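Participant: Pasting a structure here, questions to come.
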Amino acid sequence: MTNEFKIHNHNKAEVEEVEKIEIDLLLEAVFRYYGYDFRNYATPFIQRRICHRVNKENLTSISALQEKVLREPIVMESLISDFSINVTEMFRDPEFFKSFRTKVIPLVKDFPDIRIWHVGCSSGEEVYSMAILLHEEGIYEKTRIFATDINASILEKAKKGTFPLDGMQRYTKNYFEAGGNRSFSEYYKAVDDKVFFHPFLQKNVVFAQHNLVTDHSFNEFDIIICRNVLIYFNKCLQNDVHKLFYDSLSLSGFLGLGKREGIKFTSYENCYGEFDASEKLYRKIK
């Protein structure tokens, strides 16, 4: 097949090959120019999000998006938002929070201080949930929660502690299913169509930008919670992130992952014991 013939007669496989090259070049450009490394994110996810951004920008190709991303930082910001997963809610997967409340809390209750790293905190709903749970268990005062995300704009939203009122009915249901036994409305003030969570819930929370792919460990933690982030990474990157978690977690510390995540088939599988297999809670044993 001559090159001339190939240009005019793209079949499906060739179109896909060109698209893959374009995606690789775009991700390489983003890494080299902006320092964000998305090269080992899961291919189907990255592909979907890039196509979404191509459509949003009214472009005809991924190569055209690459040019825009390099020349217009605002488009790069939009792409980072596209790559950030902001699906979250208060007491998301209530069984996880219930297990944490009944099984983990009794084991850390007597620590002089407790350090928690909440990874991929998004707009903060699960962080405020954890603060409420710790407050009810009487240990919030001696806890410091480090809540991190790659997306700076979503972190600004998290810092405000302001959420739509229409989510509160579902969040209240989650709260009770997670073992809450007070009136959930104690924790917020409703104004018009928004709710403002009480400032004391932010007092021991540090919100900070952190890139799981390129940034290093920044503290030693008793508990690391990273739920529904690793599913968007390929196996190689998942393993790198597990190294970061392992290096950051104290011996006997707890690691909480999402429903579809786990430590099987990583290099660190033998470093943890299954603490609550159904809720993906692990304990570091070596």
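The values are calculated or read from the model by the stated rules, or taken from the named source; none is laboratory data. Worth saying up front: this structure is predicted, and the values here are computed from it rather than measured. In this analysis, Cβ positions are derived from the backbone assuming ideal geometry, glycine residues included, and neighbour counts consider all displayed protein chains. Just the protein is used for accessible areas: all its heavy atoms, side chains included, with ligands, DNA and RNA removed. Shrake-Rupley method; radii C 1.70, N 1.55, O 1.52, S 1.80 Å.
Participant: Working carefully through the options F31, F45, find the one that is under 23 Å from Q209 (Cα atoms) and open to solvent by less than 50 Å² (accessible area, probe 1.4 Å).
Facilitator: Working: F31 fails: open to solvent by less than 50 Å² (accessible area, probe 1.4 Å).
The match here is F45.
Participant: Quick check on G120: is it touching a residue at least 60 places away in the same chain (Cβ under 8 Å) and at positive phi? Before the answer, list the steps.
Facilitator: Working: touching a residue at least 60 places away in the same chain (Cβ under 8 Å): yes; at positive phi: yes.
It is true that G120 is touching a residue at least 60 places away in the same chain (Cβ under 8 Å) and at positive phi.
Participant: Step by step: first the residues of the stretch 258-278, then only those that are in contact with a Lys or Arg (Cβ under 7 Å, 6 or more places away or on another chain) and closer than 19 Å to F96 by Cα, then the one that is most open to solvent (accessible area, probe 1.4 Å). Which residue is that?
Facilitator: K259
Participant: Can you pull out every residue in the stretch 184-228 that is among the aromatic types (F, W, Y) and at pLDDT 95 or above? Spell out how you get there, then give the answer.
Facilitator: First, the residues of the stretch 184-228 that are among the aromatic types (F, W, Y): 184, 187-188, 196-197, 200, 207, 218, 221.
Scanning the stretch 184-228 gives F184, Y187, Y188, F196, F197, F200, F207, F221.
Participant: Could you run through the stretch 134-156 and say how many residues are more than 23 Å from L230 (Cβ to Cβ), open to solvent by 10 Å² or more (accessible area, probe 1.4 Å) and under 21 Å from the mean Cα position of the chain (by Cα)? Quick ask: steps written out before the conclusion?
Facilitator: The initial filter retains those residues of the stretch 134-156 that are more than 23 Å from L230 (Cβ to Cβ), namely 134-144, 156.
So of that shortlist, the ones also open to solvent by 10 Å² or more (accessible area, probe 1.4 Å) come out as 135-138, 141-142, 144, 156.
Then drop every residue that is not under 21 Å from the mean Cα position of the chain (by Cα), which leaves 144, 156.
Result for the stretch 134-156: 2.
Participant: Turning to a different aspect of this structure: Please work out if L165 is touching a strand residue (DSSP E or B) at 6+ places or on another chain (Cβ under 9 Å) and either of a type in the set (S, T, N, Q) or open to solvent by less than 60 Å² (accessible area, probe 1.4 Å) (or both).
Facilitator: Details: touching a strand residue (DSSP E or B) at 6+ places or on another chain (Cβ under 9 Å): yes; either of a type in the set (S, T, N, Q) or open to solvent by less than 60 Å² (accessible area, probe 1.4 Å) (or both): no.
For L165, the condition - touching a strand residue (DSSP E or B) at 6+ places or on another chain (Cβ under 9 Å) and either of a type in the set (S, T, N, Q) or open to solvent by less than 60 Å² (accessible area, probe 1.4 Å) (or both) - is not met.
Participant: List pairs: first residue in the stretch 231-250 and under 26 Å from Q47 (Cβ atoms), second residue part of a helix (DSSP H, G or I) anywhere in the structure, Cβ distance under 6 angstrom, at least six positions apart or on different chains.
Facilitator: Listed pairs, sorted by first residue: Y232/F45; Q238/L230.
Participant: Pairs under 7 Å by beta carbon, first residue closer than 11 Å to N174 by Cα in the stretch 82-104, partner part of a helix (DSSP H, G or I) and of a type in the set (F, W, Y), six or more apart or different chains?
Facilitator: E89/Y171; M90/Y128; M90/Y171; M90/Y175; F91/F97; F91/Y171; F91/Y175
Participant: Moving on to the next point. Does T172 qualify as being open to solvent by less than 60 Å² (accessible area, probe 1.4 Å) and under 28 Å from P112 (Cβ atoms)?
Facilitator: Details: open to solvent by less than 60 Å² (accessible area, probe 1.4 Å): yes; under 28 Å from P112 (Cβ atoms): no.
For T172, the condition - open to solvent by less than 60 Å² (accessible area, probe 1.4 Å) and under 28 Å from P112 (Cβ atoms) - is not met.
Participant: Which ranges mark the helices (runs of 4 or more DSSP H) fully within the stretch 17-93 that have 1 or more residues being over 20 Å from A152 (Cα atoms)? Lay out the reasoning, then the answer.
Facilitator: On the way: elements: 43-56, 62-71, 73-83.
Passing ranges, in order: 43-56, 62-71.
Participant: Would you tally the residues in the stretch 202-257 being farther than 12 Å from R283 by Cα, of a type in the set (S, T, Y) and open to solvent by 40 Å² or more (accessible area, probe 1.4 Å)?
Facilitator: Of the residues in that region, 3 qualify.
Participant: List pairs: first residue in the stretch 170-192 and without any contact (Cβ under 8 Å) to a residue 40 or more places away in the chain and farther than 17 Å from L134 by Cα, second residue surrounded by fewer than 16 Cβ atoms within 10 Å (Cβ to Cβ) and among the hydrophobic types (A, V, I, L, M, F, W, C) anywhere in the structure, Cβ distance under 6 angstrom, at least six positions apart or on different chains.
Facilitator: Within 6 Å, the pairs are K189/F196; A190/L165.
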